[in-house]
Amino acid sequence: MKRESTGVLFAITGMFIYGLEPVVIKSNPSNPISFAAFSALVASLILWGGLFWRGAWREVSNNRGDLRWAFLMGFFGTALAYLAYSFGARMSTAINAALITRSEVLFSFILSWLFLGEKITRRLIAYSLAIIVGLAIVILQGRSLELHLGDILLLLVPLFWQLGHVIAKRLPYSPPTIAALRNTFGFLLLFPLAVATGLEVSAFVIAEGLVIALGQLVWYRSIKLINLSKATAIITPAPAVAIGLGVLLGESFTVYHFLGFLLITLGTLGAVKVESELRTGARHQ
């Protein structure tokens, strides 16, 4: 029970940290690919600094055979995900980007069931759908959803994220090391593309690097303790955090906000109560 509650606490903390990320990204004035590359660099430097300080970097040299999987984690979870997000958002709309990427929880159900042996209960599915519907109400505000070609790319983003998470859950490294490796490989993969599209550095890479480092630290800790599918359901309302901050800072509060936040709250509280289980016959990670 302590393991479960601790994992839930980390996932909830991650939800609030990632809720700040859209504000930082929206404020960035530089080339988005360059921004992603240098943000990953800042995050990796912060994380490696902590690892060297504690002497925990040695676990990488002791498990060199798993570095190829860590590379794939950075390839899918950072490089491909960000490229798809960047170009997809340009071809679509901010509303579509916010909503479509929240389908991550559905990809999580499928991949967690297939590769991690997690038990996906009807209760968790119902609570997750309540969260997604609540987000749709808050973000759309009564407007219709218009589909664009970029939406196909946006739909790939949560798939890439979850492929990276599935790999991360199987890695033998500690959460700080996993996060450091993901951002290191992510930077190395994105940097050549940043050079090709124009290198730009803004002060916002520091803020984004901090969000990435702290967010991934608590995220990878949470999925080591509880099911990936449950943790994903808990962090799904992250965009609502940014919207809620806007309301608290004086933006108008509508009936759509009320209904949406109500569904999001009920869905999240319900997901928290669902116990992490594996399918019969599946092995613990």
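General observations
- Filter result (closer than 21 Å to LEU41 by Cβ and either assigned to a helix (DSSP H, G or I) or open to solvent by 50 Å² or more (accessible area, probe 1.4 Å) (or both)) within the range 168-180: ALA168, PRO175, PRO176, THR177, ILE178, ALA179, ALA180
- Single residue of the range 130-145 satisfying the filter (in a loop (DSSP other than H, G, I, E, B) and not small (Gly, Ala, Ser)) that is most open to solvent (accessible area, probe 1.4 Å): ARG143
- Looking only at residues in the range 14-57 that are among the hydroxyl-bearing types (Ser, Thr, Tyr) and surrounded by fewer than 19 Cβ atoms within 10 Å (Cβ to Cβ), the one that is modelled with the lowest pLDDT is SER27.
- Counted residues, the range 80-98 - those being within 16 Å of the chain's Cα centre (by Cα) and either acidic (Asp, Glu) or open to solvent by less than 30 Å² (accessible area, probe 1.4 Å) (or both): 5
- Residue identified as under 19 Å from the mean Cα position of the chain (by Cα), assigned to a helix (DSSP H, G or I) and farther than 26 Å from LEU111 by Cα among ALA213, ALA242, ALA196: ALA242
- Residue list for the range 1-12, filter: of a type in the set (Val, Ile, Thr) and either under 15 Å from ALA240 (Cβ atoms) or surrounded by fewer than 19 Cβ atoms within 10 Å (Cβ to Cβ) (or both): THR6, ILE12
- Of the residues GLY49, GLY65, GLY74, GLY19, the single one that is closer than 19 Å to TYR173 by Cα and under 18 Å from the mean Cα position of the chain (by Cα) is GLY74.
- Extreme residue, most open to solvent (accessible area, probe 1.4 Å), among residues of the range 109-121 that are touching a strand residue (DSSP E or B) at 6+ places or on another chain (Cβ under 9 Å) and not aliphatic (A, V, I, L, M): LYS119
- Single residue of LEU80, LEU155 found to be more than 30 Å from LEU51 (Cα to Cα) and either in contact with a strand residue (DSSP E or B) (Cβ under 7 Å, 6 or more places away or on another chain) or hydrophobic (A, V, I, L, M, F, W, C) (or both): LEU155
- The listed residue being part of a helix (DSSP H, G or I) and in contact (Cβ under 8 Å) with a residue 40 or more places away in the chain, out of SER30, SER103, SER61: SER103
- ASN183 passes every criterion in (1) of a type in the set (S, T, N, Q); (2) open to solvent by 40 Å² or more (accessible area, probe 1.4 Å); (3) touching a helix residue (DSSP H, G or I) at 6+ places or on another chain (Cβ under 6 Å) apart from (2).
- For LYS230, the conditions (1) of a type in the set (Lys, Arg); (2) surrounded by 21 or more Cβ atoms within 10 Å (Cβ to Cβ); (3) more than 17 Å from the chain's Cα centre (by Cα) are fulfilled apart from (3).
Let's see how each residue does on (1) in a helix (DSSP H, G or I); (2) not acidic (Asp, Glu):
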site	(1), (2)
TYR82	yes, yes
TYR85	yes, yes
SER112	yes, yes
ARG123	yes, yes
SER128	yes, yes
LEU147	no, yes
ASP151	yes, no
GLN162	yes, yes
HIS165	yes, yes
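- Test: THR197 is at pLDDT below 95 and surrounded by fewer than 22 Cβ atoms within 10 Å (Cβ to Cβ): yes
The values are calculated or read from the model by the stated rules, or taken from the named source; none is laboratory data. Everything quoted here is computed from the prediction, not taken from an experiment. Heads up, the Cβs are rebuilt from the backbone with ideal geometry, glycines too, and the neighbour counts pull from every protein chain shown. These area figures cover heavy atoms from the full protein model, side chains too; ligands, DNA and RNA do not enter into them. Shrake-Rupley method; radii C 1.70, N 1.55, O 1.52, S 1.80 Å.
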